[in-house]
Amino acid sequence: LKSGVFMASVSGRRSVRDGISVVELEGKPEEIGTAHGILLKDEVRRSYFELMENRIIPGLGMELFGGDKEKTEKFLEWCSYKANRFSKQIPADYQLEMDALAAAAGLSGKQILFLQVFLDVMEQAGFIHSDRFFHSCTQAAFLPSVTGGPLLTARNLDWPPFGVVNELCVLFHYLPTDGIPFWSMGWAGAIGTLTAFNRAGIFVSEESLTGSTEDISDGGIPTFLLHRRLAQYEDNLASAVRTLRGAARTNGYHSLIASGRENDAAVVLHSANHSSVRKPVGGFCWGVETERDNPA
């Protein structure tokens, strides 16, 4: 207790630093998933029920359809249907981790699945169900030429209806048997990543990019998990960019990747069918929604 650690398991531990939950997960996929579920059981369950059943997605549906309960119910059914469409693209090792997480947290596999794919589902909902969606997330990398020292990165997660996510924020430290140790800022129940960096020095984050109904796919790897692949397995920028551009993708995103070496950063603008690369300018690399952005 003096060290701040208040719960431990065979393959993980949980502590609090400066008010932030920090969870260390180590081992094989099944061990990591089990430890995640044991150490964060209450938070994982709250993540799902607040997101899908209590507040967030139902509230978004009510907003989209002007308070029409019947249309909102159909929207929730559509969200669940879309989430299940992504299940076949889950990498096998992550599926093992998700199964173990579900068992330890007392949730179903489908409930845990939704926590991994809801970003892709919500983006598609914006294209299909509304013309009022907008994106305001930003991310940036300041390279050594302008910092005079190490890489400096920044991002904001601008999800106005998703305030509960802040309360469930977790800093994960992954020590996988297979791959590179990495840190990931996310929330309970999500095994993928929005913002991460690994021991090899690779940083990766994402920000939504406007696309169209013609440039989305249910056949891609869920974006959270695709970015985790980069954090867990890539040790240089060029390889990470190739991996991302060669992968099966879902919707439109900016992915910011940087290594901390001089001018070694890029933003990959990608959608289901297109990708392009933005290189640093003046020691600065950014990913932010603009009318000029087009992955094609």
(Q) Can you list residue pairs whose Cβ atoms sit under 7 Å apart, with the first residue in segment 126-150 being within 10 Å of G283 (Cβ to Cβ) and the second being of a type in the set (A, V, I, L, M) and modelled with pLDDT of 85 or more? Count only pairs 6 or more apart in sequence or on different chains. (A) A141/L151; A141/L256; A141/A258; A141/A265; F142/L152; L143/L151; L143/A265; P144/L151
Q.
Among the residues that make up segment 241-264, is at least one of them in contact with a Leu (Cβ under 7 Å, 6 or more places away or on another chain), closer than 13 Å to S208 by Cα, open to solvent by less than 20 Å² (accessible area, probe 1.4 Å) and among the hydrophobic types (A, V, I, L, M, F, W, C)?
A. no
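Here's the yes/no breakdown for (1) touching a strand residue (DSSP E or B) at 6+ places or on another chain (Cβ under 8 Å); (2) at pLDDT 85 or above; (3) farther than 20 Å from R46 by Cα; (4) not in a helix (DSSP H, G or I):
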{"residue": "G61", "(1), (2), (3), (4)": "no, no, no, no"}
{"residue": "G66", "(1), (2), (3), (4)": "no, no, yes, yes"}
{"residue": "E70", "(1), (2), (3), (4)": "no, yes, yes, no"}
{"residue": "A103", "(1), (2), (3), (4)": "no, yes, no, no"}
{"residue": "V117", "(1), (2), (3), (4)": "no, yes, no, no"}
{"residue": "M122", "(1), (2), (3), (4)": "no, no, no, no"}
{"residue": "I128", "(1), (2), (3), (4)": "no, no, yes, no"}
{"residue": "A141", "(1), (2), (3), (4)": "yes, yes, yes, yes"}
Q: Only residues in segment 185-203 that are modelled with pLDDT of 95 or more count as the first member; pair them with residues that are among the β-branched types (V, I, T) and part of a loop (DSSP other than H, G, I, E, B), Cβ under 9 angstrom, at least 6 apart or cross-chain, and list the lot.
A: A196/I202; N198/I180; R199/I180; A200/I180; I202/I180
Q) Looking at segment 222-234, is at least one residue part of a helix (DSSP H, G or I), open to solvent by 30 Å² or more (accessible area, probe 1.4 Å) and of a type outside the set (S, T, N, Q)? A) yes
Q.
What's the total number of residues in segment 254-274 that are among the hydroxyl-bearing types (S, T, Y) and in contact with a strand residue (DSSP E or B) (Cβ under 6 Å, 6 or more places away or on another chain)?
A. 1
Q: Kindly list the number of the only condition in (1) surrounded by 17 or more Cβ atoms within 10 Å (Cβ to Cβ); (2) under 19 Å from W183 (Cβ atoms) that fails for R17.
A: (1)
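The values are calculated or read from the model by the stated rules, or taken from the named source; none is laboratory data. Remember, it's a predicted structure, so these values are computed and weren't measured experimentally. We place every Cβ from the backbone using ideal geometry, glycine too, and count neighbours over all the protein chains shown. Surface accessibility is based on the protein's heavy atoms, side chains included, excluding ligands, DNA and RNA. Shrake-Rupley method; radii C 1.70, N 1.55, O 1.52, S 1.80 Å.
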